[in-house]
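Quick notes on the structure that follows.
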Amino acid sequence: MQKVYLDNAATTAIHPAVIEEMVTVMKDCYGNPSSTHVFGREAKALLELSRKKIAQHLNVTPAEIYFTSCGTESNNTIIRSCVNDLGVTRIITTYLEHKCVMESVNDLESRNKVEVVRLNIAKDGTIDYNQFEELIQDQSKKTLVSLMHANNELGNLLDVKRISALCKENGALFHTDTVQTVGHYPIDCQDLGIDFASCSAHKIHGPKGAGFLYARKSTHIKPLIAGGGQERGLRSGTENIYGIVGLAKALDISLAELDNHKKHIEEIKAYAIEELKENIPGVGFNGLSADFEKSLYTVLSIKLPFNDPLIGFELELSGIAVSQGSACSSGAAKVSKVMETLYTDEEISQMTPLRVSFSYLNTKEDIDALVQTLVKISKKHEVVS
Ligand code: PLP
(Lines give C-alpha, C1' and ligand atoms only; values in the text may rest on other atoms or scores of the structure.)
Protein backbone atom coordinates (compact mmCIF):
# COMPACT_ATOMS: atom_id res chain seq x y z
CA MET A 1 0.00 0.00 0.00
CA GLN A 2 1.14 3.56 -0.69
CA LYS A 3 2.38 5.57 2.28
CA VAL A 4 1.93 9.30 2.08
CA TYR A 5 3.15 11.46 4.93
CA LEU A 6 1.44 14.84 5.14
CA ASP A 7 1.77 15.46 8.86
CA ASN A 8 5.04 17.38 9.06
CA ALA A 9 3.75 19.90 11.60
CA ALA A 10 3.40 16.96 13.99
CA THR A 11 6.90 15.68 13.32
CA THR A 12 9.37 15.26 10.47
CA ALA A 13 11.65 12.56 9.11
CA ILE A 14 15.21 12.94 10.39
CA HIS A 15 17.55 14.27 7.71
CA PRO A 16 20.18 11.65 6.72
CA ALA A 17 23.04 14.08 7.42
CA VAL A 18 21.64 14.63 10.93
CA ILE A 19 21.54 10.87 11.54
CA GLU A 20 25.12 10.54 10.30
CA GLU A 21 26.37 13.26 12.62
CA MET A 22 24.47 11.85 15.59
CA VAL A 23 25.79 8.34 15.01
CA THR A 24 29.35 9.66 14.93
CA VAL A 25 28.81 11.38 18.27
CA MET A 26 27.15 8.27 19.72
CA LYS A 27 30.12 6.16 18.74
CA ASP A 28 32.95 8.53 19.50
CA CYS A 29 31.80 10.99 22.10
CA TYR A 30 30.14 9.29 25.02
CA GLY A 31 31.64 11.41 27.79
CA ASN A 32 29.50 13.30 30.27
CA PRO A 33 29.90 17.02 29.51
CA SER A 34 30.17 17.70 33.26
CA SER A 35 33.20 15.39 33.67
CA THR A 36 36.53 17.17 33.83
CA HIS A 37 38.54 14.44 32.05
CA VAL A 38 39.20 14.41 28.33
CA PHE A 39 36.04 12.39 27.50
CA GLY A 40 33.91 14.95 29.30
CA ARG A 41 35.78 17.89 27.81
CA GLU A 42 35.22 16.54 24.30
CA ALA A 43 31.48 16.25 24.92
CA LYS A 44 31.43 19.71 26.51
CA ALA A 45 33.20 21.17 23.47
CA LEU A 46 30.53 19.69 21.16
CA LEU A 47 27.79 20.99 23.41
CA GLU A 48 29.15 24.52 23.39
CA LEU A 49 29.84 24.46 19.67
CA SER A 50 26.20 23.48 19.07
CA ARG A 51 25.03 26.30 21.35
CA LYS A 52 27.26 28.80 19.55
CA LYS A 53 25.96 27.77 16.12
CA ILE A 54 22.33 28.03 17.23
CA ALA A 55 22.94 31.40 18.89
CA GLN A 56 24.48 32.74 15.69
CA HIS A 57 21.45 31.63 13.69
CA LEU A 58 19.13 33.51 16.06
CA ASN A 59 21.44 36.53 16.45
CA VAL A 60 21.71 36.09 20.22
CA THR A 61 24.58 35.22 22.57
CA PRO A 62 25.29 31.55 23.42
CA ALA A 63 24.52 32.39 27.07
CA GLU A 64 20.92 33.07 26.05
CA ILE A 65 20.34 29.57 24.64
CA TYR A 66 19.35 26.75 27.03
CA PHE A 67 18.95 23.17 25.83
CA THR A 68 15.79 21.35 26.87
CA SER A 69 14.04 18.12 25.89
CA CYS A 70 11.36 19.65 23.64
CA GLY A 71 9.13 22.59 22.81
CA THR A 72 6.77 21.65 25.63
CA GLU A 73 9.50 21.87 28.25
CA SER A 74 10.79 25.15 26.84
CA ASN A 75 7.38 26.80 26.92
CA ASN A 76 6.57 25.45 30.39
CA THR A 77 9.89 26.68 31.80
CA ILE A 78 9.44 30.17 30.39
CA ILE A 79 5.81 30.70 31.40
CA ARG A 80 6.03 29.15 34.85
CA SER A 81 9.21 31.00 35.74
CA CYS A 82 7.81 34.32 34.60
CA VAL A 83 4.95 33.90 37.09
CA ASN A 84 6.75 32.07 39.88
CA ASP A 85 10.02 34.00 39.87
CA LEU A 86 9.78 37.21 37.85
CA GLY A 87 6.71 38.74 39.46
CA VAL A 88 4.35 38.43 36.49
CA THR A 89 0.76 38.87 37.70
CA ARG A 90 -1.04 39.06 34.34
CA ILE A 91 -0.73 36.97 31.17
CA ILE A 92 -2.16 38.08 27.84
CA THR A 93 -2.63 35.09 25.55
CA THR A 94 -5.27 33.31 23.41
CA TYR A 95 -7.25 30.08 23.14
CA LEU A 96 -5.29 29.31 19.97
CA GLU A 97 -1.96 28.54 21.67
CA HIS A 98 -0.47 25.06 21.65
CA LYS A 99 -1.65 22.94 24.57
CA CYS A 100 1.70 23.19 26.34
CA VAL A 101 1.27 26.97 26.59
CA MET A 102 -2.46 26.86 27.22
CA GLU A 103 -2.27 24.21 29.97
CA SER A 104 0.66 25.94 31.69
CA VAL A 105 -1.32 29.17 31.74
CA ASN A 106 -4.52 27.38 32.88
CA ASP A 107 -2.63 25.68 35.69
CA LEU A 108 -1.16 28.94 36.99
CA GLU A 109 -4.57 30.61 36.70
CA SER A 110 -6.38 27.79 38.53
CA ARG A 111 -3.96 28.19 41.43
CA ASN A 112 -4.71 31.93 41.54
CA LYS A 113 -1.15 32.81 40.73
CA VAL A 114 -1.95 35.02 37.78
CA GLU A 115 -4.75 36.85 36.04
CA VAL A 116 -5.23 35.71 32.46
CA VAL A 117 -6.67 37.75 29.61
CA ARG A 118 -7.43 35.85 26.39
CA LEU A 119 -7.66 38.00 23.30
CA ASN A 120 -10.69 38.03 21.01
CA ILE A 121 -10.17 36.06 17.83
CA ALA A 122 -11.66 36.98 14.45
CA LYS A 123 -13.29 34.41 12.16
CA ASP A 124 -10.03 34.05 10.25
CA GLY A 125 -8.06 33.26 13.41
CA THR A 126 -6.43 36.70 13.66
CA ILE A 127 -5.96 38.16 17.12
CA ASP A 128 -7.65 41.44 17.96
CA TYR A 129 -4.66 43.80 17.69
CA ASN A 130 -6.73 46.81 18.81
CA GLN A 131 -7.86 45.03 21.96
CA PHE A 132 -4.24 44.06 22.59
CA GLU A 133 -3.09 47.64 22.17
CA GLU A 134 -5.60 48.80 24.74
CA LEU A 135 -4.87 46.04 27.26
CA ILE A 136 -1.11 46.36 27.12
CA GLN A 137 -1.27 50.00 28.15
CA ASP A 138 -2.39 49.00 31.65
CA GLN A 139 0.98 48.90 33.35
CA SER A 140 -0.39 48.40 36.86
CA LYS A 141 0.32 44.67 36.65
CA LYS A 142 3.56 43.09 35.51
CA THR A 143 2.55 41.40 32.27
CA LEU A 144 3.74 38.48 30.19
CA VAL A 145 2.44 38.33 26.64
CA SER A 146 2.44 34.79 25.24
CA LEU A 147 1.37 34.67 21.59
CA MET A 148 2.57 32.02 19.20
CA HIS A 149 4.59 33.01 16.13
CA ALA A 150 2.65 30.60 13.95
CA ASN A 151 -0.40 28.56 14.77
CA ASN A 152 0.25 24.84 14.36
CA GLU A 153 -3.31 24.05 13.25
CA LEU A 154 -4.17 27.01 11.02
CA GLY A 155 -0.72 28.19 10.05
CA ASN A 156 -1.64 31.84 10.84
CA LEU A 157 1.45 34.01 11.36
CA LEU A 158 1.59 36.66 14.07
CA ASP A 159 2.80 40.20 13.40
CA VAL A 160 5.61 39.70 15.90
CA LYS A 161 7.21 43.11 15.45
CA ARG A 162 3.93 44.91 16.09
CA ILE A 163 3.42 42.97 19.32
CA SER A 164 7.02 43.26 20.51
CA ALA A 165 7.08 47.03 19.95
CA LEU A 166 3.95 47.43 22.09
CA CYS A 167 5.36 45.13 24.79
CA LYS A 168 8.56 47.14 24.93
CA GLU A 169 6.74 50.46 25.06
CA ASN A 170 4.64 49.23 27.98
CA GLY A 171 7.22 47.28 29.97
CA ALA A 172 5.74 43.81 29.28
CA LEU A 173 7.69 40.60 28.73
CA PHE A 174 7.09 38.91 25.37
CA HIS A 175 7.16 35.15 24.81
CA THR A 176 6.46 33.76 21.39
CA ASP A 177 6.22 30.04 20.74
CA THR A 178 8.44 29.62 17.68
CA VAL A 179 8.26 25.82 17.47
CA GLN A 180 6.61 25.94 14.02
CA THR A 181 8.79 28.75 12.64
CA VAL A 182 12.41 28.18 13.73
CA GLY A 183 14.17 26.61 10.75
CA HIS A 184 11.37 27.62 8.36
CA TYR A 185 11.96 31.38 8.55
CA PRO A 186 15.04 33.41 9.44
CA ILE A 187 14.50 34.31 13.12
CA ASP A 188 16.54 37.23 14.40
CA CYS A 189 15.53 37.60 18.04
CA GLN A 190 17.11 41.06 18.34
CA ASP A 191 15.36 42.40 15.30
CA LEU A 192 12.03 40.82 16.27
CA GLY A 193 12.32 42.15 19.84
CA ILE A 194 11.50 38.82 21.50
CA ASP A 195 12.27 38.11 25.18
CA PHE A 196 11.57 34.36 25.05
CA ALA A 197 11.28 31.79 22.25
CA SER A 198 11.23 28.01 21.92
CA CYS A 199 12.34 25.33 19.47
CA SER A 200 11.91 21.60 18.99
CA ALA A 201 14.37 19.60 16.88
CA HIS A 202 11.87 17.02 15.62
CA LYS A 203 9.88 19.69 13.76
CA ILE A 204 12.87 20.51 11.55
CA HIS A 205 14.15 17.08 10.54
CA GLY A 206 16.08 16.64 13.77
CA PRO A 207 15.67 14.05 16.54
CA LYS A 208 12.90 13.84 19.13
CA GLY A 209 13.90 14.66 22.69
CA ALA A 210 15.95 17.78 21.94
CA GLY A 211 14.96 21.42 21.94
CA PHE A 212 16.03 24.77 23.29
CA LEU A 213 14.66 27.91 24.77
CA TYR A 214 15.90 31.41 24.17
CA ALA A 215 15.72 33.79 27.12
CA ARG A 216 17.02 37.32 26.81
CA LYS A 217 19.90 37.68 29.26
CA SER A 218 18.29 40.47 31.27
CA THR A 219 15.22 38.37 32.11
CA HIS A 220 16.87 35.98 34.64
CA ILE A 221 14.35 33.12 34.50
CA LYS A 222 14.73 30.28 36.99
CA PRO A 223 14.75 26.48 36.53
CA LEU A 224 11.80 24.12 36.40
CA ILE A 225 14.07 21.12 36.95
CA ALA A 226 16.56 21.14 39.83
CA GLY A 227 19.65 18.97 40.18
CA GLY A 228 23.27 19.07 39.07
CA GLY A 229 23.09 22.61 37.75
CA GLN A 230 23.67 21.90 34.07
CA GLU A 231 22.78 24.58 31.51
CA ARG A 232 24.09 27.27 33.86
CA GLY A 233 21.64 26.14 36.49
CA LEU A 234 18.52 26.53 34.35
CA ARG A 235 18.04 22.93 33.31
CA SER A 236 19.61 20.20 35.38
CA GLY A 237 20.12 16.71 33.99
CA THR A 238 22.95 15.23 31.93
CA GLU A 239 22.78 16.84 28.52
CA ASN A 240 21.38 14.88 25.57
CA ILE A 241 24.55 15.43 23.61
CA TYR A 242 23.56 13.38 20.53
CA GLY A 243 20.20 15.10 20.39
CA ILE A 244 21.75 18.53 20.81
CA VAL A 245 24.32 17.93 18.07
CA GLY A 246 21.45 16.65 15.88
CA LEU A 247 19.39 19.73 16.69
CA ALA A 248 22.22 22.10 15.73
CA LYS A 249 22.85 20.17 12.52
CA ALA A 250 19.14 20.11 11.64
CA LEU A 251 18.93 23.88 12.13
CA ASP A 252 22.08 24.41 10.03
CA ILE A 253 20.58 22.39 7.18
CA SER A 254 17.11 23.93 7.45
CA LEU A 255 18.51 27.45 7.22
CA ALA A 256 21.05 26.65 4.50
CA GLU A 257 18.27 25.06 2.42
CA LEU A 258 15.51 27.46 3.48
CA ASP A 259 15.02 29.19 0.13
CA ASN A 260 15.04 25.91 -1.85
CA HIS A 261 12.72 24.13 0.55
CA LYS A 262 10.37 27.11 0.80
CA LYS A 263 10.07 27.38 -2.97
CA HIS A 264 9.41 23.64 -3.33
CA ILE A 265 6.88 23.51 -0.49
CA GLU A 266 5.05 26.63 -1.69
CA GLU A 267 4.61 24.95 -5.07
CA ILE A 268 3.21 21.86 -3.38
CA LYS A 269 0.85 23.94 -1.24
CA ALA A 270 -0.35 25.99 -4.23
CA TYR A 271 -0.93 22.75 -6.15
CA ALA A 272 -2.90 21.30 -3.23
CA ILE A 273 -5.13 24.38 -3.01
CA GLU A 274 -5.75 24.35 -6.76
CA GLU A 275 -6.52 20.61 -6.93
CA LEU A 276 -8.79 20.69 -3.90
CA LYS A 277 -10.79 23.64 -5.27
CA GLU A 278 -11.09 21.98 -8.65
CA ASN A 279 -12.17 18.58 -7.41
CA ILE A 280 -14.14 19.13 -4.22
CA PRO A 281 -17.06 21.55 -4.60
CA GLY A 282 -17.57 23.68 -1.52
CA VAL A 283 -14.11 23.09 -0.07
CA GLY A 284 -12.66 25.95 1.97
CA PHE A 285 -9.66 26.68 4.15
CA ASN A 286 -9.53 27.52 7.83
CA GLY A 287 -7.94 30.66 9.20
CA LEU A 288 -5.47 32.35 6.87
CA SER A 289 -4.17 29.01 5.72
CA ALA A 290 -4.59 29.67 2.00
CA ASP A 291 -2.97 33.13 2.23
CA PHE A 292 0.70 32.72 1.32
CA GLU A 293 1.78 35.99 2.94
CA LYS A 294 -0.01 35.48 6.24
CA SER A 295 0.37 31.78 6.98
CA LEU A 296 3.02 29.11 7.31
CA TYR A 297 3.95 27.69 3.92
CA THR A 298 4.23 24.29 5.59
CA VAL A 299 0.59 24.09 6.74
CA LEU A 300 -2.76 23.92 4.95
CA SER A 301 -5.90 23.68 7.05
CA ILE A 302 -8.67 22.30 4.86
CA LYS A 303 -12.38 22.80 5.59
CA LEU A 304 -14.37 20.01 3.97
CA PRO A 305 -18.04 20.82 3.32
CA PHE A 306 -19.40 17.79 5.21
CA ASN A 307 -19.04 16.33 8.69
CA ASP A 308 -16.98 13.17 8.96
CA PRO A 309 -15.32 12.60 12.33
CA LEU A 310 -13.77 9.36 11.06
CA ILE A 311 -12.02 10.92 8.10
CA GLY A 312 -8.52 10.52 9.54
CA PHE A 313 -9.17 6.79 9.81
CA GLU A 314 -10.57 6.61 6.26
CA LEU A 315 -7.52 8.43 4.87
CA GLU A 316 -5.28 6.10 6.78
CA LEU A 317 -6.90 3.12 5.05
CA SER A 318 -5.54 4.65 1.84
CA GLY A 319 -2.10 5.08 3.40
CA ILE A 320 -2.39 8.84 3.88
CA ALA A 321 -1.27 10.39 7.16
CA VAL A 322 -2.70 13.80 8.06
CA SER A 323 -3.82 15.41 11.29
CA GLN A 324 -7.32 15.93 12.49
CA GLY A 325 -7.11 17.20 16.06
CA SER A 326 -6.79 14.86 18.98
CA ALA A 327 -8.21 11.37 18.58
CA CYS A 328 -10.58 9.96 21.19
CA SER A 329 -10.89 6.29 22.09
CA SER A 330 -13.53 5.55 19.43
CA GLY A 331 -11.08 6.55 16.68
CA ALA A 332 -13.17 9.63 15.92
CA ALA A 333 -11.57 13.02 16.32
CA LYS A 334 -12.53 15.52 19.00
CA VAL A 335 -13.05 19.06 17.85
CA SER A 336 -9.98 21.07 18.76
CA LYS A 337 -10.01 24.18 20.90
CA VAL A 338 -8.87 26.16 17.86
CA MET A 339 -11.89 25.08 15.78
CA GLU A 340 -14.21 25.64 18.77
CA THR A 341 -12.84 29.18 18.99
CA LEU A 342 -13.37 29.92 15.29
CA TYR A 343 -16.71 28.27 14.63
CA THR A 344 -20.17 27.87 16.18
CA ASP A 345 -21.42 24.37 17.09
CA GLU A 346 -23.71 24.49 14.09
CA GLU A 347 -20.88 25.36 11.73
CA ILE A 348 -18.76 22.59 13.21
CA SER A 349 -21.56 20.08 12.66
CA GLN A 350 -21.47 20.79 8.92
CA MET A 351 -17.74 20.62 8.26
CA THR A 352 -14.58 18.56 8.75
CA PRO A 353 -11.27 20.29 9.45
CA LEU A 354 -8.18 18.54 8.16
CA ARG A 355 -4.62 19.75 8.59
CA VAL A 356 -2.10 18.73 5.98
CA SER A 357 1.47 19.82 6.55
CA PHE A 358 4.35 19.59 4.13
CA SER A 359 8.11 19.14 4.07
CA TYR A 360 10.73 19.26 1.34
CA LEU A 361 10.19 15.51 0.92
CA ASN A 362 6.61 15.84 -0.36
CA THR A 363 5.73 15.61 -4.04
CA LYS A 364 2.77 16.50 -6.24
CA GLU A 365 2.00 12.76 -6.36
CA ASP A 366 1.39 12.90 -2.61
CA ILE A 367 -1.17 15.63 -3.22
CA ASP A 368 -2.79 13.62 -6.03
CA ALA A 369 -3.19 10.67 -3.66
CA LEU A 370 -4.74 12.90 -1.00
CA VAL A 371 -7.16 14.60 -3.38
CA GLN A 372 -8.24 11.33 -5.04
CA THR A 373 -9.08 9.84 -1.65
CA LEU A 374 -10.88 12.98 -0.49
CA VAL A 375 -12.92 13.00 -3.70
CA LYS A 376 -14.05 9.41 -3.00
CA ILE A 377 -14.98 10.30 0.56
CA SER A 378 -16.85 13.45 -0.44
CA LYS A 379 -18.84 11.53 -3.10
CA LYS A 380 -19.98 9.17 -0.39
CA HIS A 381 -21.28 12.15 1.57
CA GLU A 382 -23.12 13.52 -1.48
CA VAL A 383 -24.96 10.19 -1.78
CA VAL A 384 -25.85 10.16 1.89
CA SER A 385 -27.14 13.76 2.01
N1 PLP B 1 4.38 24.51 20.24
C2 PLP B 1 3.88 24.30 19.01
C3 PLP B 1 3.37 25.45 18.21
C4 PLP B 1 3.85 23.00 18.48
O5 PLP B 1 3.34 22.80 17.27
C6 PLP B 1 4.34 21.94 19.29
C7 PLP B 1 4.25 20.55 18.80
O8 PLP B 1 3.35 20.18 18.06
C9 PLP B 1 4.85 22.23 20.55
C10 PLP B 1 4.86 23.52 20.99
C11 PLP B 1 5.39 21.15 21.42
O12 PLP B 1 6.63 20.69 20.96
P13 PLP B 1 7.21 19.28 21.43
O14 PLP B 1 6.53 18.23 20.64
O15 PLP B 1 8.67 19.36 21.10
O16 PLP B 1 6.99 19.17 22.88
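Stretching the chain fully between ILE225 and SER110 yields a gain of 39.2 nm (0.36 nm per residue, less the alpha carbon separation). Across the protein chains, with a 1.4 Å probe defining accessible surface, the residues ARG232, ARG51, ARG162 rank ARG232, ARG162, ARG51 from largest area downward. Counting heavy atoms of the protein chains alone, HIS37 has an accessible area of about 90 Å² for a 1.4 Å probe. Among GLU134, GLU257, GLU64, determine the one that fluctuates most according to a GNM of the chain built with springs between C-alpha atoms less than 10 Å apart. Judging by the Gaussian network model, the answer is GLU134. Using C-alpha pairs under 8 Å with a sequence gap of at least 6, the mean separation divided by the residue count of the chain gives a relative contact order of 23 percent. Label separation (THR341 vs TYR95): 0.9 nm, computed from points 7 Å beyond Cα along the C-beta direction.
For the pair region 353-385 and region 302-321, the centres of their Cα atoms are 8 angstrom apart.
On the beta carbon distance between ALA10 and ALA63, with R0 = 35 Å, the FRET formula returns roughly 0.65. Each 10 Å bin from 0 upward holds the following percent of the Cα-Cα pairs of region 16-256: 8, 33, 35, 18, 6, 1. Using a Gaussian network model of the chain in which every pair of alpha carbons under 10 angstrom is joined by a spring, one finds that among MET351, MET26, MET102 the greatest mean-square fluctuation is at MET26.
Per DSSP helix of 4 or more residues, -39500 (n - 2.57); summed, then divided by the residues of the chain. What does that give at 222 nm, rounded to the nearest 500?
On the way: 13 runs with 158 residues, N = 385.
Here the helix-only value at 222 nm equals -13000 deg cm²/dmol.
The GNM of the chain, with springs linking C-alpha atoms under 10 angstrom apart, assigns the highest mean-square fluctuation among LEU255, LEU135, LEU96 to LEU135.
The values are calculated or read from the model by the stated rules, or taken from the named source; none is laboratory data. For clarity, every value in this text was computed on a predicted model and none was experimentally measured. Note: ideal-geometry Cβ built from the backbone for every residue, glycine included; neighbour counts use all protein chains shown. Keep in mind that these areas ignore ligands, DNA and RNA; they rest on the heavy atoms of the full protein, side chains included. Shrake-Rupley method; radii C 1.70, N 1.55, O 1.52, S 1.80 Å.
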